[in-house]
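Q: Below is the structure I would like to discuss, written out as structure tokens.
The values are calculated or read from the model by the stated rules, or taken from the named source; none is laboratory data. Every value quoted in this text rests on a predicted model; they were computed, and no experiment measured them. Methodologically, a virtual Cβ is constructed for each residue, glycine included, from the backbone with ideal geometry; neighbour enumeration extends over all protein chains shown.
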């Protein structure tokens, strides 16, 4: 199968490609990248005026299967990911049962092979049942196909256990991703501790709860000289700690979510439980600090923390509704509009944080770059196109997003995984395909 993409605006920060090129795909791989390619093909994609990037990689996704298939499945979550421009997602292990056994890891991989059009990489638990008491059989989980380790949803509070986990992950050359939260400070917390929590008369979650664990992980990385990745940073204090770690040359990486980059705690004054998330939305000062850290490359990666919940669960109200925001389909359009277009954030840095940086952390042999001989994982974007976020347009089973009802400038036109179109935007008005 030969696919020729004509007159594409290519942007790949990892391979330092920026400009107009033609792309030839042969049997799922990139066979040519040239200013002009004249050749017969089975399919021609006319990409005039469109941007093509490496397929996006989400380091932090909750697919809910096994156990909570009423919220999301591997199939529906993968469809949502493709719709959002993602060709690879890492699914977190806090399923039911927890992905803490090789058989569960293999089951997820098998289901993804059967039901997903994109690449699904399971992350296995650090501790058994995510209880923070006993280390999982990390080597066996790695052999079964685990792409890394996390107790996401729960912090690893036991520092001795975290030390063992970091050392083992380093020997396996796989990332360890920590949910940074000092639980003794967050009990019964609902929103960020401060002005909004007082106005709403709700128990607050202090920024110190995150920062204490960020500091703990950084100190362990310094002492052990092994890597650690910090999930969903949300505070200025965490950024300051990360800056100190980088200045010391420590092997510490970090991610930030779109919602922590784009929304402040003020949105919670509407009472909308779709804005309830952990870590909570913070202050304008925190948001600005996170944006600058991402711009500077101090924060390496953007990850969605896609956390679908049903409407019924979220209708319980701010105090009782579960934490979590649905993010796979809204991430890129919202960032293109609210961050790149309106805040003049560098587009290349945004693409880098969604492609080659997560690919590097995951030690991926393919993905995150546009290079001859590589599998063709590509995302085609219309920077001027419109994306409407409605229940009807979302592929996810759930729609718990504060962006519901929004219209963003910037849209995913097509997602190509391993050379095969797995999503095409039916609302795109331009001429895209020629058979």
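Q: So residue 308 ticks every box in (1) within 25 Å of residue 397 (Cβ to Cβ); (2) part of a helix (DSSP H, G or I); (3) in contact with a helix residue (DSSP H, G or I) (Cβ under 8 Å, 6 or more places away or on another chain) but one. Which box is left unticked?
A: (2)
Q: Could you tell me whether residue 14 is over 29 Å from residue 327 (Cα atoms), surrounded by fewer than 22 Cβ atoms within 10 Å (Cβ to Cβ) and in contact (Cβ under 8 Å) with a residue 24 or more places away in the chain?
A: Numbers: over 29 Å from residue 327 (Cα atoms): no; surrounded by fewer than 22 Cβ atoms within 10 Å (Cβ to Cβ): yes; in contact (Cβ under 8 Å) with a residue 24 or more places away in the chain: yes.
No.
Q: Among the helices (runs of 4 or more DSSP H) lying completely within segment 132-212, list those that include at least 3 residues that are surrounded by 15 or more Cβ atoms within 10 Å (Cβ to Cβ) and without any contact (Cβ under 8 Å) to a residue 12 or more places away in the chain. Steps first, answer last, please.
A: Values: elements: 138-144, 159-172, 195-200.
Ranges flagged: none.
Q: Which of (1) within 20 Å of residue 119 (Cα to Cα); (2) surrounded by fewer than 17 Cβ atoms within 10 Å (Cβ to Cβ) is the odd one out, the single condition residue 414 does not satisfy?
A: Condition (2) is where residue 414 drops out.
Q: Scan segment 96-126 for residues that are out of contact with any helix residue (DSSP H, G or I) (no Cβ under 7 Å at 6 or more places or on another chain), surrounded by fewer than 23 Cβ atoms within 10 Å (Cβ to Cβ) and more than 21 Å from residue 375 (Cβ to Cβ) and jot them down.
A: 96, 101, 103, 104, 107
Q: Do you know which residues across segment 379-411 are in contact with a helix residue (DSSP H, G or I) (Cβ under 6 Å, 6 or more places away or on another chain) and surrounded by fewer than 19 Cβ atoms within 10 Å (Cβ to Cβ)?
A: Hits for segment 379-411 are 395, 409.
Q: Just to be sure, is residue 365 within 30 Å of residue 51 (Cβ to Cβ) and at pLDDT below 95?
A: Values: within 30 Å of residue 51 (Cβ to Cβ): yes; at pLDDT below 95: yes.
Yes; evaluated as a whole, the condition is true for this residue.
Q: As an exercise: evaluate residue 103 against (1) in the same structural domain as residue 129 (by TED's automatic domain parsing); (2) over 24 Å from residue 303 (Cα atoms); (3) part of a loop (DSSP other than H, G, I, E, B) and give the number of the one condition it does not meet.
A: Going through (1) in the same structural domain as residue 129 (by TED's automatic domain parsing); (2) over 24 Å from residue 303 (Cα atoms); (3) part of a loop (DSSP other than H, G, I, E, B) one by one, residue 103 breaks only (3).
Q: Got at least one residue in segment 46-60 being crowded, with 16+ Cβ neighbours inside 10 Å, at pLDDT below 95, in contact with a strand residue (DSSP E or B) (Cβ under 6 Å, 6 or more places away or on another chain) and not assigned by TED's automatic domain parsing to the domain that holds residue 154?
A: Start the filter on segment 46-60 by keeping residues that are crowded, with 16+ Cβ neighbours inside 10 Å, which leaves 46-47, 50-60.
Still in the list and also at pLDDT below 95: 46-47.
Remaining after also requiring in contact with a strand residue (DSSP E or B) (Cβ under 6 Å, 6 or more places away or on another chain): 46-47.
Filter once more, so that each one left must be not assigned by TED's automatic domain parsing to the domain that holds residue 154: 46-47.
So far as segment 46-60 goes, yes, one or more of its residues are crowded, with 16+ Cβ neighbours inside 10 Å, at pLDDT below 95, in contact with a strand residue (DSSP E or B) (Cβ under 6 Å, 6 or more places away or on another chain) and not assigned by TED's automatic domain parsing to the domain that holds residue 154.
Q: How many of the residues making up segment 296-312 are in contact (Cβ under 8 Å) with a residue 40 or more places away in the chain and over 16 Å from residue 238 (Cα atoms)? Steps first, answer last, please.
A: In the first step, residues of segment 296-312 are kept if they are in contact (Cβ under 8 Å) with a residue 40 or more places away in the chain; the result is 297-311.
Still in the list and also over 16 Å from residue 238 (Cα atoms): 303-311.
Number satisfying all stated conditions: 9.
Q: In segment 232-284, what residues are farther than 23 Å from residue 152 by Cα and outside any helix (DSSP H, G or I)?
A: Selection gives 248, 249, 271, 272, 283.
Residue-by-condition table, conditions (1) out of contact with any strand residue (DSSP E or B) (no Cβ under 7 Å at 6 or more places or on another chain); (2) under 30 Å from residue 167 (Cβ atoms):
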{"residue": "225", "(1), (2)": "yes, yes"}
{"residue": "233", "(1), (2)": "no, yes"}
{"residue": "239", "(1), (2)": "yes, yes"}
{"residue": "245", "(1), (2)": "no, yes"}
{"residue": "288", "(1), (2)": "yes, no"}
{"residue": "294", "(1), (2)": "no, yes"}
{"residue": "302", "(1), (2)": "no, yes"}
{"residue": "313", "(1), (2)": "yes, no"}
{"residue": "325", "(1), (2)": "yes, no"}
